[in-house]
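Everything below concerns the one structure shown next.
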Amino acid sequence: MSNVLDPAQQLPADRGSSAARRQRFRGSASLGGRRAWVRRLPLLPALTYMIVVTQAPFVVTLWYSLRGWNTLTPGSDRFVGFTEYRQVFADPNFRSAVVNTVELTASAVIIAMMLGTALAILINRKFLGRGIVRTMFITPFLVMPIATALLFKTTIYDPIFGLLDYVLSPFGVHQVNWIGTYAMPSVVLVLVWEWTPFMMLIVLAGLQSESLEAIEAAHVDGANAFQTFVSITFPHLRRYIELGLLLGSIYIVQAFGEIFILTGGGGGNGTATTNLPYYIYEQAFQSFNVSEAAAAGVIVVIGTEIVAAVTLRVLSGLFTASEAMA
Amino acid sequence: MARGFDRRYRYKRGSRQWAVGHFWTTVTWILAFLLFFPVLWMVLTAFKTEGKAYTDPPTVAFHPTLTEFSQVFSAGIGPPFEHSLFVTLASLILVLALGIPAAYALSIRAVPRWRDVLFFFLTTKMLPYVAAIVPIYIVALHLGLLDNDWALVILYTGFNLPIAVWMIRSFLLEIPREMLEAARIDGAGVWTELTRVILPIVLPGVAATALICVIFTWNEFFFAYFLTATRGPTVPVFLVGFLQSEGEYWAVLAAAATIACLPVILAGWIAQKQLVRGLSLGALK
C-alpha cells in the first residue's frame, strides 16, 4: 500500500540497523579486490554497453564540430577550430529554436499535468465502468506518436473536412488553416493529447497512496472537501507531480516526429515550431551543414547536462524524502 | 480502504450527494469519450471508402468496407512489419540479457557505489539523442549498416536498457530479504538463489518491463526514419509513406495506422496495471 517513491525505501542504505545485518550477509561495503570484481561482473556488460552507445557518438560529434564539413562543399572537411560554434551562436534560428523548445516543452508538460490531475481525481472514485474509463484514458499514450501526428494533421486539423472545423462551425469558425495559423498550439495540442494519460497515471498513483486516516481526521475536524484537498492531498501529491513534470520534460524536449509531420518546423513566420531536435535535423539533412549540426548538438548536450544536473538534484531529493518517510 | 470509499460514495437514491455523484460520473464518461474519440475516429475512418472519409459534415453512419485494409496489405506492409518485429524482439532479448544481471548487481548483491551507477543510467535517458544523429548516421554509412535492422537493435537496446535496469531493480528490491537469507543459510549458491528463488518471483515484473520496452521500440520513429528509410523501413516509417500532398488518402492512411497501432495498444491494455511503474522507471507502483 505504501507506494512512495519506493526504490529508496528498501535500498541497502548505508545507515540504520540493516547495516549490521548486511555486514553479515553481504560482506563489508568496501570489498577487497577479487570479491569486488566478482560482484561487479554482472553489471559490467550493461555498463560497458551504455558507455559505448552513449559516449562514443558524443566523441565523434565533438570531432566533427571542430571541422567545417558541408557535404555540398568539396574540401570543406578540415579542422576549423570553433568557427562552427560561433556560427551556431550567431544564427537567429538557433536562438529561436531554444526559445521554441522551452515554450513547447513547458506548455505541453504543464497543460498535460493539469488535465492529468483533473482526470486522476475524477477516476479516483468508485463508479460504474471505472475500468473501461481508465482504459479509454490511457489509450492516447499507446497510439504510435507518428500515427497520432498523421491523423491529427488530416482528419482533425484539415480546414475543410476536419473534425475541428465541424465542431467549431456553429460558432462561426470556418475553414481555418489551423496548422498554418496556429502552428505552435496545434503541435502543443497533439503533445498534450499524447501525454495527459501519462500524467494521470502518475498522479493517480499518488492519490491512491494517500492515507485515508488523515482525510477522515480532517473530515471529523470539520474541514470541507476543498480545504482537505489544499491542506492534505496537495502536499502529498507534490512529489508525484514533480516526478511527472520531470519525466514528461525528458521525453517532450526530444519531440521530433510530431513537428516533422504537422508543421515541418514551419508555420507562421516559417520557423514557429522549430525546436532544437528539428533545427539539428534541418542543419544536417537539409542544409548538409554536418559540422554546424554537430556543433549545435554539442551545445545542446552541454545545456542538457546542466539542466539535468539540477533536475537530478531535485530527483535525488525526492528519493531521499521518501527514504526519510519510510 | 475500499470500505472507506464505499461509505463515502454510496448514498441514498435521490439524495443530493447521490445526484452529485452521478453528475461527476457523467462528466468522467464524457471526458473519457472525448479523449478516446480520435482513436475511435481512426478506426471508423479505416472502414470507410475514401469518398466517405472526405465529407462535411463528417460521415458517422456508413457501410463498413475492408477495401482500405486490403489496399494497405497490397502496398506491402508485410516486410515493414517483419522489420519492426525483428528489431523489437532482438533488442528486447539484448535488454533483458544485459539488464537483469545489472539490476541484480545494483540491488541484491549491490556493488560499491551502486547509487552513482544507477544515476549514470538515468542521465543517459536525459541525453538529447538527436545530437547523436550526425555521428550515428556517418558511422552507419561507413559500416554499411544503413537499412540494416541491427543498427536499430543496437540503438534501441541503449534506449531501453536504463528503463529496464531501474524497473527490474525495483522488483528485485521487493523480494523479502528473509527469503534470500533463508536460502543462503540452507547453503544455496548464487546460481540456485537466482533460478530457484529470485526468478520465479520477479518473472511477472520482467514481463511488465518487456512490455514497456516493446511499446517504446515499436513506436520509435526518429532513428528508424534516418537509418532505414530507403529499403528496410520499420512500421512507423512505412506509415509516413501514406501521407500525400494531394488526392484522397485518409481512409487508407487510417487503415494503415490502425494496423500499425494495434499490437502496442493491445499490449498496453493488458499491461495497464504495470504501466505506471514502467513509465516512472520503477519509482511508483
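The values are calculated or read from the model by the stated rules, or taken from the named source; none is laboratory data. Everything quoted here is computed from the prediction, not taken from an experiment. We place every Cβ from the backbone using ideal geometry, glycine too, and count neighbours over all the protein chains shown. For the accessible areas, the whole protein counts, side chains as well, though only heavy atoms, and no ligand, DNA or RNA atoms are used. Shrake-Rupley method; radii C 1.70, N 1.55, O 1.52, S 1.80 Å.
Observations on the model:
- Of the residues making up region B:81-131, just one is of a type in the set (S, T, N, Q) and open to solvent by 20 Å² or more (accessible area, probe 1.4 Å), namely B:Thr123.
- Identity of the residue in region A:114-144, surrounded by 18 or more Cβ atoms within 10 Å (Cβ to Cβ) and more than 15 Å from B:Leu35 (Cα to Cα), that ends up farthest from the other protein chains (Cβ to nearest Cβ): A:Ile121
- Cross-chain or 6+ apart pairs with Cβ under 8 Å, region A:129-143 first and within 18 Å of B:Gly21 (Cα to Cα), then of a type in the set (S, T, N, Q): A:Val133/B:Thr28; A:Arg134/B:Gln272
- Residue tally, condition over 20 Å from the mean Cα position of the chain (by Cα), surrounded by 19 or more Cβ atoms within 10 Å (Cβ to Cβ) and either within 7 Å of chain A (Cβ to nearest Cβ) or in a helix (DSSP H, G or I) (or both), over region B:233-285: 6
- Note on region A:153-173: among residues that are more than 8 Å from every other protein chain (Cβ to nearest Cβ) and of a type outside the set (A, V, I, L, M, F, W, C), the one that is most open to solvent (accessible area, probe 1.4 Å) is A:Pro170.
- Scanning region B:130-152 turns up no residue that is polar (S, T, N, Q) and facing chain A (nearest Cβ under 7 Å).
- Screening the candidates B:Ala210, B:Ala224 for the property of being of a type outside the set (Lys, Arg), farther than 24 Å from A:Phe256 by Cα and touching a residue at least 24 places away in the same chain (Cβ under 8 Å) yields one hit, B:Ala210.
- Number of the exception - A:Val176 against (1) touching a residue at least 60 places away in the same chain (Cβ under 8 Å); (2) assigned by TED's automatic domain parsing to the domain that holds A:Leu262; (3) open to solvent by 20 Å² or more (accessible area, probe 1.4 Å): (1)
- Filter result (part of a helix (DSSP H, G or I) and closer than 13 Å to A:Trp193 by Cβ) within region A:137-152: A:Phe137, A:Ile138, A:Thr139, A:Pro140, A:Phe141, A:Leu142, A:Pro145, A:Ala147, A:Thr148, A:Ala149, A:Leu151, A:Phe152
- Flag if A:Leu237 is within 11 Å of chain B (Cβ to nearest Cβ) and either at pLDDT 85 or above or assigned to a helix (DSSP H, G or I) (or both): no
- Which listed residue, of A:Ile302, A:Ile250, A:Ile261, is assigned to a helix (DSSP H, G or I), among the β-branched types (Val, Ile, Thr) and open to solvent by 30 Å² or more (accessible area, probe 1.4 Å): A:Ile302
- Per-region count, region B:41-80, residues within 27 Å of the chain's Cα centre (by Cα), open to solvent by 60 Å² or more (accessible area, probe 1.4 Å) and among the hydrophobic types (A, V, I, L, M, F, W, C): 2
- Filtering region B:135-153 to residues that are open to solvent by 10 Å² or more (accessible area, probe 1.4 Å) and in contact with a Ser or Thr (Cβ under 7 Å, 6 or more places away or on another chain) leaves only B:Asp147.
- Matching residues, region A:189-211, being farther than 15 Å from A:Met114 by Cα, open to solvent by 30 Å² or more (accessible area, probe 1.4 Å) and either modelled with pLDDT of 85 or more or part of a helix (DSSP H, G or I) (or both): A:Gln208
- Among the conditions (1) over 28 Å from A:Ala120 (Cα atoms); (2) at the interface with chain B (Cβ under 8 Å from one of its Cβ atoms), the only one that A:Gly265 does not satisfy is (2).
- Qualifying residue in region A:154-173 (condition: under 24 Å from B:Val276 (Cβ atoms) and in the same structural domain as A:Ile280 (by TED's automatic domain parsing)): no
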